[in-house]
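Heads up: the structure comes next, in structure tokens.
The values are calculated or read from the model by the stated rules, or taken from the named source; none is laboratory data. Model, not experiment: these values are computed from the prediction. Positions of Cβ are generated from backbone atoms using ideal geometry, with glycine treated the same way; all protein chains shown enter the neighbour counts. For the accessible areas, the whole protein counts, side chains as well, though only heavy atoms, and no ligand, DNA or RNA atoms are used. Shrake-Rupley method; radii C 1.70, N 1.55, O 1.52, S 1.80 Å.
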Amino acid sequence: MPAVPFDYHAPATLAEAVSLLGSLGEDAKPLAGGQSLLPLLTLRLVRPRAVVDLHRLDELRAVRRDGGTLEVGALVRHRALERGEGPLVLCPLLQEAAALIGNVRVRALGTIGGSLAHADPAAELPAAVRALDGTILVQGAAGARAIPAEEFFAGLLTTALRPDELLTAVRLPLPGPRTGHAVEEFSRRAGDFAIVAAFAVVQLDAAGRVAAARVALAGCGPTPRRLDAVERALVGLAPSEEEIRRVVAHRPLEIEPDSDVHASAAYRRHLAGVLTVRALARAAAGARAFGP
Amino acid sequence: MTELAIAFTLNGERRALRVPAHRTLLHVLRDDCGAVEVKEGCGEGVCGTCTVLLDGEPVSSCLVLAPRVAGRDVVTLRGLCEGDALHPLQEAFVAHGAAQCGFCTPGMILTAYALLRERPHPTRADVRRAIAGNLCRCTGYTKIVDAILAAAGPGEPRDGA
Ligand SMILES: Cc1cc2nc3c(=O)[nH]c(=O)nc-3n(C[C@H](O)[C@H](O)[C@H](O)COP(=O)(O)OP(=O)(O)OC[C@H]3O[C@@H](n4cnc5c(N)ncnc54)[C@H](O)[C@@H]3O)c2cc1C
Ligand code: FES
Ligand code: FES
């Protein structure tokens, strides 16, 4: 079905885009890769009066390394993340996560900013950015804000973005020495959204014990979840798979999975435990491969 | 509602037309350009029958707005043929019986074309991964994968997966 007709704007600068959104208010929708918005438009689930196409905003395409952080522009596409183009190669978790998104056509056009702004509870990149302790940079008529990922994801398909704000970039701390990453995902068919996915980062100390561990889950509630109790309990341990399994089994998983047509809450909870152990174990093995 | 003038190349030929901004590339190609080799399946980016190459990369034309193709290069299946001569991928699909109803075939071949340009001698696993987003309701995929590997010809060792 064709979308309901709308006014179309393609501003040439971020300032222009933000001021347009400010004047159009809730009636306007920004368009990035269109891989979530186009289906919503053609199914007529959203009927904006105006679409503000971001594709001319080259300033949102930049990837910059600045000391210990990587800043990834909102319009950087999944395919560039997957391939680890340029400095993106410094963030292997993002690479592994992006490779699991949809199909090659989705990855050719879909953007990191669009995925974070859309905030699908089963999406890879929001949970990956949570596991990486990322910060979301936004720009509105009233100025710029830097929002920790933890606060950015506010609920089901809901973020801290205001209607007149654009997501401009995501800032990620670069991994330190002896750090490993892993994504473990279960989906029913290639290209489907995950039922549950676990994103783990493990850093070891020189003695091979856990200095820091972070694990985030997609598909286990309205927003990506971090498993704080598991993360804390791992610190100081020699992370063999048995040890990780023991820790995960004895800590409550701070998740609230729902039952839906894809899976029951109980099955999601089961998957969460299994995938968390696998992701942490593989991340720890990756960290060990760096040597002392 | 916005209407705008766009110009782009379609299979090497320049096209200039006026389109409403809310029209998708799929409908521009089929309805305005007569490129009916581009098929409409799901209309939501899942099935791959509407695949075209946009500046060389496979995309779902059902998920691209018309204004986005201004100044860009679009290739449909027809763009792979040289006159009446079929592309080696098309020849391989015929030789291997990789098309039955044929509805998925244009998208399948364009996806394979993009894969072979990036990776001229893919493994069986590479091919399966590349076409995972192109659904076929007829063939069971085996003959499609065989055809793509045959078109690639012998090269680096294959994994036999
Ligand atoms: C068949 C199919 C399978 C898919 N499978 C997966 C999957 O397995 N995993 C997954 O994570 N995703 C999947 N996706 C979704 C895909 O990752 C999208 O690319 C992504 O969710 C949205 O990014 P986009 O750039 O296409 O954004 P758009 O579709 O353009 O926009 C999405 C939303 O974000 C808003 N928006 C976009 N950019 C900005 C910005 N810079 N600032 C403020 N608001 C903005 C838009 O207004 C809109 O509301 C799939 C999509 C399809 C069609
Ligand atoms: S019609 Fe475009 S992907 Fe199915
Ligand atoms: S040949 Fe019929 S769908 Fe593939």
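Taking every alpha carbon pair in the range A:75-140, what does the distance histogram look like in 5 angstrom bins from 0, in percent?
Bins of 5 Å from zero give 4, 19, 30, 29, 14, 4, 1 percent of pairs.
What accessible area per residue, rounded to a whole number of Å², is obtained for chain A using a probe radius of 1.4 Å?
Ligands and nucleic acids excluded, the result is 41 Å² per residue.
What's log10 of I(q)/I(0) for the range A:1-113 at q = 0.18 Å⁻¹, Debye sum over Cα points only, no solvent?
With one equal scatterer per Cα and no solvent, log10 I(q)/I(0) is -0.95.
Over the protein assembly as shown, with every protein chain in place, what whole percent of the accessible area is carbon and sulfur at 1.4 Å, could you tell me?
Its accessible area is 51 percent carbon and sulfur atoms.
Identify which of A:VAL72, A:VAL261, A:VAL201 has the largest mean-square fluctuation in a Gaussian network model of chain A, with springs joining Cα atoms closer than 10 Å.
Top of the fluctuation ranking is A:VAL261.
Select from chain A the helices, each a whole stretch of DSSP H, whose alpha-carbon atoms run 24 Å or more along the helix axis and whose Kyte-Doolittle mean is at least -1.0; answer none if there are none.
Span-like helices, by this rule, are A:265-288.
If only Cα atoms are counted, what is the Rg of chain B, and what is its Dmax, in Å?
Every Cα atom of chain B included, Rg and Dmax give 16.1, 55 Å.
Run the 1.4 Å probe and let me know the accessible area of A:HIS270, rounded to the nearest 10 Å².
That residue has around 110 Å² of solvent-accessible surface.
Can you give the convex hull volume of the alpha carbon atoms of the range A:110-160 per residue, in Å³?
74 Å³
Between A:ALA141 and A:ASP205, take the C-beta separation as r, use R0 = 45 Å, and let me know the FRET efficiency to the nearest 0.05.
0.45
Give the percent of DSSP beta bridges with both residues in chain A that are antiparallel, rounded to the nearest 5.
Given both bridge residues lie in chain A, the antiparallel proportion sits at roughly 85 percent.
Looking at the range B:3-78, what % of the alpha carbon pairs are farther apart than 15 Å?
Considering the range B:3-78, 47 percent of its Cα-Cα pairs are separated by more than 15 Å.
Summing -39500 (n - 2.57) over the DSSP H runs of n ≥ 4 in the protein assembly as shown and dividing by its residue number, what mean residue ellipticity at 222 nm do you reach, to the nearest 500 deg cm²/dmol?
-8500 deg cm²/dmol
With a 1.4 Å probe on protein heavy atoms only, tell me which residues of the range B:9-39 lose at least 10 Å² of accessible surface in the complex relative to the chain by itself.
Buried by 10 Å² or more upon assembly, which counts only protein chains, are B:ALA21, B:HIS22, B:THR24, B:HIS27.
Can you list the residues in the range A:15-42 whose accessible area drops by at least 30 Å² when all protein chains are present, compared with the chain alone? Use a 1.4 Å probe, heavy atoms only.
Hits at the 30 Å² cut-off: A:GLN35, A:LEU38, A:PRO39, A:THR42.
Let me see the P(r) profile for the range A:174-252: every Cα-Cα distance counted, bins of 10 Å, each bin given as a percent of all pairs.
18, 46, 28, 8, 0
If you put +1 on each Lys and Arg Cβ and -1 on each Asp and Glu Cβ, how big is the dipole of chain B around its Cα centre, in Debye rounded to 20?
240 debye
What figure, in Å² to the nearest 10, do you get for the accessible area of B:ILE6 with a 1.4 Å probe and non-protein molecules left out?
10 Å²
Using the charge dipole of the protein assembly as shown (Lys, Arg: +1 at Cβ; Asp, Glu: -1 at Cβ; taken about the Cα centre), state which of A:PRO239, A:ILE255, B:LEU86 has its Cα farthest towards the positive end.
A:PRO239
Kindly sort A:ASP133, A:ASP58 by accessible area of their heavy atoms, largest first, with the probe set to 1.4 Å.
A:ASP58, A:ASP133
Report the FRET efficiency, 1/(1 + (r/R0)^6), for B:ASP73 and B:VAL36, where r is their Cβ-Cβ distance and R0 is 22 Å, rounded to 0.05.
Efficiency, from the Cβ-Cβ distance: 0.65.
Taking every Cα atom in the range A:62-173, find the radius of gyration and the maximum pairwise distance Dmax, and write them in Å.
Cα only, the range A:62-173: 12.9, 37 Å (Rg, Dmax).
Once all Cα-Cα distances of the protein assembly as shown are split into 10 Å bins that start at 0, what whole-number percent is in each one?
Binned Cα distances yield the sequence 4, 20, 28, 26, 16, 6, 1.
What is the ratio of the Cα radius of gyration of the range B:88-152 to 2.2 N^0.38 Å, where N is its residue count, to two decimals?
Ratio of Rg to 2.2 N^0.38 Å for the range B:88-152: 0.95.
Among residues other than A:LEU45 whose Cβ falls under 14 Å from its Cβ, what is the net charge (Lys/Arg +1, Asp/Glu -1)?
+1
Across peptide A:94-106, what mean number of C-beta atoms from other chains lies inside 10 Å of a residue's C-beta?
The shielding value for this peptide is 5.
Given a 1.4 Å probe and the protein chains all in place, what does the accessible area of B:LEU135 round to, in Å² to the nearest 10?
Result for B:LEU135: roughly 60 Å² accessible.
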